[in-house]
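Just below is one structure, and these are the notes that go with it.
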């Protein structure tokens with residue numbers, strides 16, 4: 001009986017506890033491509049008696065599995081996975097006394113620590129009566145939290161800034177160890193009446209983000225490659241194995 005495959009579906013990941021058991025699963029959102037592949041390394045021997053040096057023995061010396069994902073949703077959690085980073089939430093807040101670089105001149109642009117700012121007040125370093133820099137002294141890009149100076153004459157630098165900012169999602173880069181996760185693909189086979197299919201990979205190490213197109217004429221994606229590791233907490237049996245398994249409904253003849 002012929003059986004074809006045309007798949008769509010959802011990809012979930014979960015952290016693993018100390019015993020290798022997956023915890024609560026998180027959906028990665030829209031994943032436009034997912035490719036699972038296997039390869040082996042071999043030791044080859046060519047015979048020395050026929051004059052043709054033909055391959056006489058091939059011994060498998062290693063086994064490797066990978067999965068490649070294309071993530072379309074640039075969410076905070078997905079960025080943390082791709083950047084080896086830690087996600088933090090920055091609440092709406094007020095900043096006082098944020099010091100700008102010294103020796104700024106007309107035309108210089110500087111950015112604040114946060115973006116989406118309001119109620120911005122800039123003072124100079126006059127020791128007795130701080131001078132509030134008025135609207136004629138600078139331009140403010142409130143969305144990006146950036147200041148461009150138009151006039152710095154008769155002012156004592158460095159400048160200090162007070163402002164409020166909106167709530168922000170923050171992801172640092174290379175501040176977390178390499179993720180080691182459980183991965184589960186729940187798909188439907190469009191070629192066989194939307195029959196369900198599941199791929200489970202017990203222990204997956206993701207590589208850092210390959211690329212993220214920051215300037216592009218189409219919706220950006222994130223490409224992530226992951227190595228599938230052997231999971232010694234799993235039994236060596238025909239049903240589960242120590243790497244993963246694929247489940248699909250037995251077709252009706």
| query | Consider residue 157 against the criteria (1) surrounded by 13 or more Cβ atoms within 10 Å (Cβ to Cβ); (2) in contact with a strand residue (DSSP E or B) (Cβ under 7 Å, 6 or more places away or on another chain): it satisfies all of them except one. Which criterion is unmet? | reply | (2)
| message | I'd like to check something: does the stretch 199-213 contain any residue that is within 20 Å of the chain's Cα centre (by Cα), exposed (fewer than 13 other Cβ atoms within 10 Å of the Cβ) and over 22 Å from residue 65 (Cα atoms)? | response | yes
| Among the residues of the stretch 189-198, how many are surrounded by fewer than 16 Cβ atoms within 10 Å (Cβ to Cβ) and farther than 16 Å from residue 27 by Cα? | 5
| field | Top-ranked residue in the stretch 1-56 [being in contact (Cβ under 8 Å) with a residue 40 or more places away in the chain and more than 24 Å from the chain's Cα centre (by Cα); ranked as farthest from residue 70 (Cα to Cα)] | value | 1
| task | With the condition kept exactly as written, say whether any residue in the stretch 133-146 is surrounded by fewer than 16 Cβ atoms within 10 Å (Cβ to Cβ), assigned to a strand (DSSP E or B) and touching a residue at least 40 places away in the same chain (Cβ under 8 Å). | result | no
| field | Failed criterion for residue 26 (all others in (1) within 19 Å of residue 182 (Cα to Cα); (2) at pLDDT below 95; (3) touching a helix residue (DSSP H, G or I) at 6+ places or on another chain (Cβ under 7 Å) hold) | value | (2)
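The values are calculated or read from the model by the stated rules, or taken from the named source; none is laboratory data. These figures come from a predicted structure and were not determined experimentally. Please note: Cβ atoms are built from the backbone with ideal geometry, for glycine as well, and neighbour counts cover all protein chains shown.
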